[in-house]
Amino acid sequence: MEMLKVAKAKGTILKKLKKIKRLDMLILDDFGIQPFDSQVWMNLMDIIEDRHGKKSTVITSQVPIREENPPRVRQTPVTVRKKTTVSGGESLL
């Protein structure tokens, strides 16, 4: 996220955002360790929204989930691949 702040200072933020949005896979590692200002948060939401259903985005975090504030995201892996059955009755994902 620091690179977005630098790009904004240099006046190249739109170019940087377009480049990020085109990546086949975006990995946001250690997400939530440092707080974001409102502009960085809006840029991040734009990126995720534009990528939704088109490109892969992986977000990892070491921030513990507090019990009094349950997560809004699914914590179990979900596959969207179609389940198929091969000869012999064995099913594959």
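The values are calculated or read from the model by the stated rules, or taken from the named source; none is laboratory data. This one's a predicted model, so the numbers in the text were calculated from it and none came from an experiment. Neighbour counts are summed over all protein chains in view; Cβ atoms, including those assigned to glycine, are modelled from backbone coordinates with ideal geometry. Side chains are part of the model used for accessible areas, which takes the heavy atoms of the whole protein and leaves out ligands, DNA and RNA. Shrake-Rupley method; radii C 1.70, N 1.55, O 1.52, S 1.80 Å.
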Accessible area of the range 1-41 with a 1.4 Å probe: how many percent of it is carbon plus sulfur? 58
List nothing, just return the count: lysine pairs in the range 2-60, 8 or more apart or interchain, with Cα separation under 18 Å. 18
Taking amide H atoms as placed 1.01 Å from N in the peptide plane, list the residues 5 or more away in sequence, or in a different chain, whose amide H sits under 5 Å from that of Leu26. Ser56, Thr57, Val58
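Within the set of other residues whose C-beta is less than 13 Å from the C-beta of Thr60, count the net charge using Lys and Arg as +1 and Asp and Glu as -1. Walk me through the numbers before you get to the answer.
Working: positive: none; negative: Asp29, Asp30.
That sum, taken over residues with Cβ under 13 Å, equals -2.
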HN-Hα couplings for the range 22-39 via Karplus (6.51, -1.76, 1.60; θ = phi - 60°), in whole Hz with x for Gly/Pro, come out as 8, 4, 5, 9, 10, 10, 9, 8, 6, 4, x, 5, 10, x, 10, 7, 5, 5
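Which whole-number value in Å² is the accessible area per residue of the range 1-66, probe 1.4 Å? Can you show the working numbers first?
Values: 5130 Å² over 66 residues.
Value returned for the range 1-66: 78 Å² of accessible area per residue.
Can you give the Rg/Rh ratio of the range 1-61, where Rg is from the C-alpha atoms and Rh is the Kirkwood radius? Spell out each step's value before the answer.
Values: Rg = 11.3 Å, Rh = 12.0 Å.
Rg divided by Rh gives 0.94.
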